[in-house]
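Asks: One structure, pasted below without further comment.
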Amino acid sequence: MKFTRFHKIYLIVVLLFILTIGIYDVRYKMTNQQDAGSSESSGSQVVSSSSQSAVVSSSESAEESSDDASASSSASEVEEMLALAETITTPVAVNATTDQAAADMATYSADYADDIQTYTVAEIADSVATTLGLTQEEALNQLLADLPTDVDLTATQYQMVNKLNPLLTEPTMTFAYAGSGKPYNAEIEPAYTALIDAAAQAGYTLAVISAHRTIAYQAQNIQNGYNSYLGQGYSEAEALELTNSYYAPAEASEHSTGLAFDLLGTEWTSVGGSLDDGYASQPSAQWLADNAQDYGFILRYPEGKDQITGYLFEPWHYRYVGVEAAQYIHQYDLTLEEFYALVNFSDALSQ
Ligand SMILES: [Zn+2]
């Protein structure tokens, strides 16, 4: 057979086609290897799926404008995000409705400067980044991607009461009553009942040691405690220090919201156990720590977060925030204070 010009051209086209396929295949394999490498380094399934969704959403927004413009605008968007993360902090005086109230709260909080500090969103992201093996920017993107949407921080379930956000007036509410007769906010009756029922199903009877307390009751509580220390022979200064260590100041007790419960399993109370951190190793405490978020409750004062919350570890104190917020807070080992900062951060970014 004669090798014609047509045959030569045909052969060249076929070779080029095979070469193109080969190059495409090699590049495809390399891209996949990079993807696999990045998800291995990111620590967990949750991390890799969320960081992929963050990548998807950033590339989607990039497609909206032309290539060059989008590259520079997304770089400046990242800069803006990182700058904003340095300025938004855990909340201060959020209950103040006037300048005077804010000033009164600042005076109040000054007495507790050693107990509680503010943290920036950047610091919160650094902490999450360290835990998950991410960069600060990756942690911020992931925290934003997973944050519940349309959170209204003025809703009852997010009420913030701590030493930087004291109550100046007594919150009012309709009460429901726990099995032991302890009052709490009736708005969360279905959630509270579901939590107690689920614990019972798992084999744990939870005793409500305390639920709602008024500011006045807490003030009396503190006075009784102080008097009791004096009665035990402590000096006035010692009695005051002990009281401050073991009693929440009257205006900074979350129990005033009716959303908080001090819960102890009867396996602990039946052997004389009380509100001390030895409770943490009891099976009912571990069940609460692993499951309360699915009923809308968070461990409000986690271990190692006392400079953020203003309170030492309390394995018995659970607080209602709603299922979405509770699951998010649980997933990232956050506190309500940090959740506040992240919601404010997200809102500021979208403005
Ligand atoms: Zn409590």
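Asks: Pick out the one residue from Ser235, Ser180 that is of a type in the set (Gly, Ala, Ser), within 16 Å of the ligand (Cβ to nearest atom) and loosely packed, with under 13 Cβ neighbours inside 10 Å.
Replies: Just a single option satisfies the conditions, and that option is Ser180.
Asks: Now for a different question. Here's a check for you: in segment 252-270, which residue that is assigned to a helix (DSSP H, G or I) and within 15 Å of the ligand (Cβ to nearest atom) is surrounded by the most Cβ atoms within 10 Å (Cβ to Cβ)?
Replies: So, considering only residues that are assigned to a helix (DSSP H, G or I) and within 15 Å of the ligand (Cβ to nearest atom), the one surrounded by the most Cβ atoms within 10 Å (Cβ to Cβ) is Ser256.
Asks: Follow-up. With Ala198, Ala219, Ala237, Ala207 as the choices, which residue is of a type outside the set (Lys, Arg), in a helix (DSSP H, G or I) and touching a residue at least 40 places away in the same chain (Cβ under 8 Å)?
Replies: Selected residue: Ala198, the only one of Ala198, Ala219, Ala237, Ala207 that is of a type outside the set (Lys, Arg), in a helix (DSSP H, G or I) and touching a residue at least 40 places away in the same chain (Cβ under 8 Å).
Asks: Step by step: first the residues of segment 133-142, then only those that are hydrophobic (A, V, I, L, M, F, W, C) and either within 15 Å of the chain's Cα centre (by Cα) or within 14 Å of Glu338 (Cβ to Cβ) (or both), then the one that is surrounded by the most Cβ atoms within 10 Å (Cβ to Cβ). Which residue is that?
Replies: That would be Leu140.
Asks: Being aromatic (Phe, Trp, Tyr), closer than 19 Å to Thr90 by Cα and in a helix (DSSP H, G or I) is the filter here, so list the residues in segment 287-336 that pass it.
Replies: Answer for segment 287-336, where residues must be aromatic (Phe, Trp, Tyr), closer than 19 Å to Thr90 by Cα and in a helix (DSSP H, G or I): just Tyr328.
Asks: While we're on this one: Exactly one of (1) within 16 Å of the ligand (Cβ to nearest atom); (2) in a helix (DSSP H, G or I); (3) more than 24 Å from the chain's Cα centre (by Cα) is unmet by Ser274. Its number?
Replies: Ser274 satisfies all of (1) within 16 Å of the ligand (Cβ to nearest atom); (2) in a helix (DSSP H, G or I); (3) more than 24 Å from the chain's Cα centre (by Cα) except (2).
Asks: Exactly one condition in (1) out of contact with any Ser or Thr (no Cβ under 8 Å at 6 or more places or on another chain); (2) in a helix (DSSP H, G or I); (3) buried (at least 18 other Cβ atoms within 10 Å of the Cβ); (4) not basic (Lys, Arg) is not met by Val78; state its number.
Replies: Among (1) out of contact with any Ser or Thr (no Cβ under 8 Å at 6 or more places or on another chain); (2) in a helix (DSSP H, G or I); (3) buried (at least 18 other Cβ atoms within 10 Å of the Cβ); (4) not basic (Lys, Arg), Val78 violates only (3).
Asks: Of the residues in segment 183-211, how many are within 16 Å of the ligand (Cβ to nearest atom) and out of contact with any helix residue (DSSP H, G or I) (no Cβ under 6 Å at 6 or more places or on another chain)?
Replies: Looking only at that region, the number is 9.
Asks: Which residues, taken from segment 107-124, are loosely packed, with under 14 Cβ neighbours inside 10 Å and of a type outside the set (S, T, N, Q)?
Replies: Ala110, Asp111, Ala113, Asp114
Asks: Output the number of residues of segment 289-309 satisfying the condition of being within 16 Å of the ligand (Cβ to nearest atom) and out of contact with any helix residue (DSSP H, G or I) (no Cβ under 7 Å at 6 or more places or on another chain).
Replies: 5
Asks: Quick test of your reading of the structure: Gln282 fulfils all but one of (1) within 15 Å of the ligand (Cβ to nearest atom); (2) polar (S, T, N, Q); (3) buried (at least 17 other Cβ atoms within 10 Å of the Cβ); (4) more than 30 Å from Leu143 (Cα to Cα). Name the failing condition by number.
Replies: In the conditions (1) within 15 Å of the ligand (Cβ to nearest atom); (2) polar (S, T, N, Q); (3) buried (at least 17 other Cβ atoms within 10 Å of the Cβ); (4) more than 30 Å from Leu143 (Cα to Cα), Gln282 misses (1) alone.
Read-outs: derived from the displayed coordinates by stated rules, not from any lab. Just so it is clear, the structure is predicted and the values come from calculations on it, not from any experiment. A quick note on method: Cβ atoms are made from the backbone with ideal geometry, for glycine too, and the neighbour counts reach across all protein chains shown.
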